[in-house]
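As structure tokens, the structure follows; a few thoughts come after it.
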Amino acid sequence: EYERNELRDKFSQNQEIQKKSPYFGKYKGKNIIIVQAESLNTFPIGLSIEGKKVTPVMDELIKGSHYYPNSFTQIGRGNTSDAEFVANNSIYPMAPKGVYKGFPNNDYLSLPNVLKEIGYKVSATHGNSPEFWNRQQAYKKQGFTSFYHIDHPKIKKDELIGLGLSDESMFDQMAEIYKEEKKPFYNFIITLTNHRPFEMPSKYQYLKLPDEFKGTATGNYLQSVHYFDTVLGKFIDQLKAEGIWDESIFVLYGDHYGPIPKDEAEIKQLLGITFNEKERLRIPIIIHYPGETEGVADSRVSSQMDIYPTLTSVLGIEQPLVQFGMPLYASGQGFAGFAYETTRYSFYSDNYDYKAAHNGAFEAGTCYDNFAGKQVDVEFCRKGYDKLVNDIELSTKLLENNLIRDLFKK
Ligand code: GP9
């Protein structure tokens, strides 16, 4: 037995906050399209090189959307698949091999399950083998009823780049599939082309870069991000032409970092950007609501686990859920917690950033005051750290004992 009532109370408080918001139920019944963008950091967005924008499409999209540039990835050992899990479940993913491999058969109160239960058609899309990251098996319990992967009979393998089907082909094919899809639907797309080593075929190197970028890891990454941005623009145009755009909530976010620590000096030299650990873990979240034309950029700290509560609240979902995140329109929690190697707990927040030491002991870590702009006594980070430890331990307990649905059983 476990403290079922206490935990029910904890999670229903989150639900109560959502219900009191003016956004609660504002977009009830709308389709949901989520694009989890492979390797997309925040720093290329809004960047221009010699007058050429790297992400003109996303820059334009942001102008009419809710934009959270200061969000952070929360992946564990499951990398891309953990980002999927966090965004769709709002639970910390601290399983030794990643949640999809570690706990594929649990009973989840995930976004696809919850939407399926209220009549949505739910599907996932990924242009690679269905076994990668154990998705095929894990998606059953996540609640996806269709999975459009590279070997799916409806998917044409008409263009392969890097790890699988090109993003352009995948977007084109999904835009066609949506026409026939029963409404409302939820489709979760995991893009693939912008993957390490980021070397695009020359015909897709659309971005004009100065000579000093040629053949560099930074140049390749920007070129690949620019390709993603270009084909995303085509996808959005197709959705508009089909009348789907105005009937759908569109969410785009980065799963995890693109460049790696060894690229730090080159990024500094070529772009003047300090690609330190915080910049590396920073990912964008963009949400476009139907009919929205005025953009809101909110630079408070948020995280991938804030996506699910944002969606359930704007959709007016009343049922009790296990969510460690908070709605983004209320700026999440001003907090983004994660764990290096699943054991060393760190966080970024509006006030303080806490970085774990190698031995993981709280006192050995460092606490940085973002307002004062300097390192402070580690005790200032105690509260945030305790909350994080508590939430990660609770997430792990819920996963290891398959308690998520059990919690709300009558
Ligand atoms: C593999 C793709 C990439 O299917 O999702 O995963 P990653 O290597 O980024 O974890």
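The values are calculated or read from the model by the stated rules, or taken from the named source; none is laboratory data. Please read all numbers here as calculations on a predicted model, not as lab measurements. Heads up, the Cβs are rebuilt from the backbone with ideal geometry, glycines too, and the neighbour counts pull from every protein chain shown. Please note that ligands, DNA and RNA were not included when accessible areas were found on the heavy atoms of the full protein model with its side chains. Shrake-Rupley method; radii C 1.70, N 1.55, O 1.52, S 1.80 Å.
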In nm, to one decimal, how far is the Gln269 label point from the Asp59 one, both placed 7 Å along Cα→Cβ?
2.6
How many percent of DSSP beta bridges within the chain run antiparallel, rounded to 5?
55
Student exercise: in region 22-118, how many lysine pairs 8 or more apart or on different chains have Cα atoms under 28 Å apart?
10
Selection of GluC sites (Glu not before Pro), region 274-321, meeting DSSP coil and at most 16 other Cβ within 10 Å
Glu292, Glu294, Glu318
Return the FRET efficiency for the residue pair Thr216, Glu131: r is the Cβ-Cβ distance, R0 is 45 Å, and the value is rounded to the nearest 0.05.
0.85
Please work out the FRET efficiency for the pair Arg8 and Glu279, using the Cβ-Cβ distance as r and a Förster radius of 45 Å; give the result to the nearest 0.05.
0.70
With a Förster radius of 56 Å, plug the Cβ-Cβ distance of Lys208 and Arg405 into 1/(1 + (r/R0)^6) and report the FRET value to the nearest 0.05.
0.60
Quick one: length gained pulling Glu393 to Asp151 fully straight, 0.36 nm per residue minus the C-alpha distance?
83.3 nm
In nanometres, what is the gap between the two model label sites at Lys374 and Asp386, each 7 Å from Cα along Cα-to-Cβ?
2.7
Which peptide among 26-33, 87-94, 234-241, 358-365 comes first, and what is the full order, when sorted by highest mean count of other Cβ atoms within 10 Å?
87-94, 26-33, 234-241, 358-365
Heavy-atom accessible area of region 281-410 with neighbours in place, 1.4 angstrom probe: carbon+sulfur share in percent works out to 49
With label points built 7 Å along Cα→Cβ from the Cα atoms of Ser48 and Glu1, find their separation and express it in nm.
6.6
Can you give me the relative contact order of the chain as a percent, contacts being Cα pairs under 8 Å and 6 or more apart?
27
How much accessible area per residue does region 316-410 have, in Å², with a 1.4 Å probe?
47
Which of these, Val296, Val54, Val122, has the largest mean-square fluctuation under a Gaussian network model of the chain (Cα springs below 10 Å)?
Val296
